[in-house]
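Worksheet for the structure shown next.
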Amino acid sequence: MVDPTARSPVARRVLPWLPVAAWAALIFFLSSESEPPEPAGLAGLPGWSQAAHLGLYFVLGALLYFAFKGSGVRVQGSGTGSGFRGQGSGTGSGFRGQGTGNGKRTITSTYLLALAAGALYAASDEVHQYFVPMRQADALDWLVDVAGVLVGALSVLAWERSRGKS
């Protein structure tokens, strides 16, 4: 009998990315607004914009970490080969899913992938804002975004390590 709770290989790789896509869409929507909404009472407070950036990208960093880990994509090894592999267990370096390797290295690699993907998305968001009326691309916003991704992914990494999960 087939287990109805078992996911197909495609579902195992795609489902972890749905929250990331939804959150990235929210960020894109907010970035598309010439005047993004601000909660009453917080509007005009010093640092409000940076706090919003930090919070949005904190969540994105955590979601990216979970997505990379849940879909089995990670960097593994330090051998001679390289490349992307959806499944397999070799000795070469590169992106691999379902491979074997050191648990701590896998967690750290997952964190680095989340950080890199979040930084790239933040950069694309700043470029996008350049084309939105009354908005501008801002290097400081990008740095705050990257800090949010860094802290979000690092928080999940620390939480997993404190629970002894790899």
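The values are calculated or read from the model by the stated rules, or taken from the named source; none is laboratory data. Since the structure is predicted, the reported quantities are computational estimates derived from the model, not experimental observations. Here the Cβ positions follow ideal geometry from the backbone for every residue, glycine too, while neighbour counts run over all protein chains shown.
Of these, Arg74, Arg85, which one is of a type in the set (D, E, K, R), modelled with pLDDT under 50 and touching a Gly at 6+ places or on another chain (Cβ under 8 Å)?
Arg85
Does segment 10-32 contain any residue that is surrounded by 18 or more Cβ atoms within 10 Å (Cβ to Cβ), modelled with pLDDT under 90 and either in contact with a helix residue (DSSP H, G or I) (Cβ under 8 Å, 6 or more places away or on another chain) or β-branched (Val, Ile, Thr) (or both)?
Yes, segment 10-32 contains at least one residue that is surrounded by 18 or more Cβ atoms within 10 Å (Cβ to Cβ), modelled with pLDDT under 90 and either in contact with a helix residue (DSSP H, G or I) (Cβ under 8 Å, 6 or more places away or on another chain) or β-branched (Val, Ile, Thr) (or both).
Restricting to segment 133-143, and then to whatever is assigned to a loop (DSSP other than H, G, I, E, B) and surrounded by fewer than 15 Cβ atoms within 10 Å (Cβ to Cβ), can you tell me which residue is modelled with the highest pLDDT?
Ranking the candidates gives Pro133 first.
If you check every pair at least six apart or on different chains, which have Cβ atoms under 9 Å apart with a residue in segment 124-147 that is under 20 Å from Phe58 (Cα atoms) first and a residue that is modelled with pLDDT under 95 and basic (Lys, Arg) second?
His128/Arg135; Gln129/Arg135
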